[in-house]
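Peer 1: Here's a structure for you.
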Amino acid sequence: MPVEQAKYNIVIAAGGTGGHMYPAEALAKSLLDKNFNVNLITDQRGKAFSDKLPQVHIYKISAGGIAGINLWRKIKSLLLLVQGYWEARYLLKKISPAVVIGFGGYASIPTVLAATHLKISTLIHEQNAVLGRANRVLANKVDIIALSLKETKKIGGKNTNKTVLVGNPVRMEFVRPTFSYNFNNEVINILVTGGSQGTRSFSKLIPMAIDLLPKDIKQRIKITQQCRSEDIETTKQHYKDLNIDATLAPFFYNIADHLEKSHLIICRAGASSVTEIISMGRPSILIPYPYAIDDHQTANAQALCIHDAAWIMPEKELTPQKLSDHLHYLFLHPELLEKTAYQAWSLAKPEAVQSIIHLIEQKINSSLNIESTT
């Protein structure tokens, strides 16, 4: 039963990278629509999202990552996490939330941990196909573990009974309630993205692969590519030399529009990229970032590939010729592109936000029932 429209306080805890903040943003907006008071506890990077969430109360706490750094920095980071714990504990006592939701990132550890010690209902959400390090710290202590992908690893055997498959919250501009994909024989739109900062290796690899395609295919290609600022002029010249129509930028604010127009996407396999691709129902060649923590991007890509919803090409084995051969085959078989696009769309969970809100309401109702019997 839905919670009455009282102004319950909800706290969202998330580290400040896009992979954690985008789903947190999607949830926050829907909670506001349902008349909840929403608070975000994050780190310095997360404060940059304040313009996108003007109705959300945003608080910054101390936090530091401890992966892959030297001993002194690990000690310093642990001290920051302890400091962040006491800062979060103070804020939680002040806010008195009904539920605390962690979206990962080291900034979520102090807040969710403090919530468990204060007997506040807790939920963590994992965006990737491998439970992140912050969420692994918290998994034994929280009430619910919400998953984006059923193939998620490193949950821990004793925690499987508290997992719920909900999907990854996505902003409304990416939601497509019906499937639509049209391969254009005159123009082939390829979208190339490389995560929040772009990818330098793509700036060399993609033009070289395009150059190896037969002329009749090459002349139909239109490229939209995310590049690092310092690589744009060089990459633009490469495409100009090939007579390829190319639009390059360090960041695309209207990425949903570009996804909509694309016939094929070449990109990394971060959680946000994968979620947006399947939500829009587009075929993709996924090139996982080889140095991602726990190799989670490979796991994300494999979670799509086992359903024939994408193709994976490991960067360490990739050459311009291999990529070009694969592109050539796909463009000769547009029915395969359409089938893969549909398989991707079929994996989407556009109701992810509502599923999480339902879990939140269940926890609130459960708390109300306990209070009424005491």
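Peer 1: In segment 128-151, what residues are part of a loop (DSSP other than H, G, I, E, B) and closer than 14 Å to Ile109 by Cα? Don't jump to the end; show me each part of the working.
Peer 2: First, pick out the residues of segment 128-151 that are part of a loop (DSSP other than H, G, I, E, B): 128-129, 131-132, 139-143, 148-151.
If the condition is that a residue be part of a loop (DSSP other than H, G, I, E, B) and closer than 14 Å to Ile109 by Cα, then Leu131, Gly132, Ala139, Asn140, Lys141, Val142 are the ones that fit.
Peer 1: Something else: Based on this model, can you work out whether Ser148 counts as crowded, with 23+ Cβ neighbours inside 10 Å, hydroxyl-bearing (Ser, Thr, Tyr), closer than 26 Å to Gly16 by Cβ and in contact (Cβ under 8 Å) with a residue 12 or more places away in the chain?
Peer 2: yes
Peer 1: Evaluate the following for Thr178: is it among the β-branched types (Val, Ile, Thr) and within 21 Å of Gly105 (Cβ to Cβ)?
Peer 2: no
Peer 1: Do we find that Arg200 is more than 14 Å from Leu327 (Cβ to Cβ) and surrounded by fewer than 21 Cβ atoms within 10 Å (Cβ to Cβ) in this structure? Talk me through it step by step, then tell me what you get.
Peer 2: Working: more than 14 Å from Leu327 (Cβ to Cβ): yes; surrounded by fewer than 21 Cβ atoms within 10 Å (Cβ to Cβ): yes.
So Arg200 passes the test.
Peer 1: Test of understanding: among Thr160, Thr199, which residue is of a type in the set (Ser, Thr, Tyr), more than 22 Å from Ala13 (Cβ to Cβ), modelled with pLDDT under 95 and not assigned by TED's automatic domain parsing to the domain that holds Lys261?
Peer 2: Step by step, each of Thr160, Thr199 is checked, and only Thr160 is of a type in the set (Ser, Thr, Tyr), more than 22 Å from Ala13 (Cβ to Cβ), modelled with pLDDT under 95 and not assigned by TED's automatic domain parsing to the domain that holds Lys261.
Peer 1: Ok, one more. In segment 292-304, is there at least one residue being within 20 Å of Glu126 (Cβ to Cβ) and β-branched (Val, Ile, Thr)?
Peer 2: yes
Peer 1: Does Thr178 satisfy the criteria of being surrounded by fewer than 16 Cβ atoms within 10 Å (Cβ to Cβ), under 30 Å from Val353 (Cα atoms), β-branched (Val, Ile, Thr) and not assigned by TED's automatic domain parsing to the domain that holds Ala341?
Peer 2: Criteria met by Thr178.
Peer 1: Working only within segment 37-56, note down all residues that are assigned to a loop (DSSP other than H, G, I, E, B) and in contact with a helix residue (DSSP H, G or I) (Cβ under 7 Å, 6 or more places away or on another chain).
Peer 2: Lys52, Leu53, Gln55, Val56
Peer 1: Got a sec? Which strands (runs of 3 or more DSSP E) wholly within segment 156-243 have at least 1 residues that are touching a residue at least 12 places away in the same chain (Cβ under 8 Å) and more than 20 Å from the chain's Cα centre (by Cα)?
Peer 2: In segment 156-243, the matching strands (runs of 3 or more DSSP E) lie at 188-192, 221-226.
Peer 1: Another one. Got a sec? Which of Ala269, Ala299, Ala341, Ala303 is among the aliphatic types (A, V, I, L, M) and assigned to a loop (DSSP other than H, G, I, E, B)? Step through it out loud before you land on a result.
Peer 2: Details: Ala299 fails: assigned to a loop (DSSP other than H, G, I, E, B); Ala341 fails: assigned to a loop (DSSP other than H, G, I, E, B); Ala303 fails: assigned to a loop (DSSP other than H, G, I, E, B).
Sole residue among the options that is among the aliphatic types (A, V, I, L, M) and assigned to a loop (DSSP other than H, G, I, E, B): Ala269.
Peer 1: Identify, from the list Leu330, Leu323, Leu318, the residue that is out of contact with any strand residue (DSSP E or B) (no Cβ under 8 Å at 6 or more places or on another chain) and not basic (Lys, Arg).
Peer 2: Answer to the selection: Leu318.
The values are calculated or read from the model by the stated rules, or taken from the named source; none is laboratory data. Note that the structure is predicted; figures quoted are calculated from it, not measured. Positions of Cβ are generated from backbone atoms using ideal geometry, with glycine treated the same way; all protein chains shown enter the neighbour counts.
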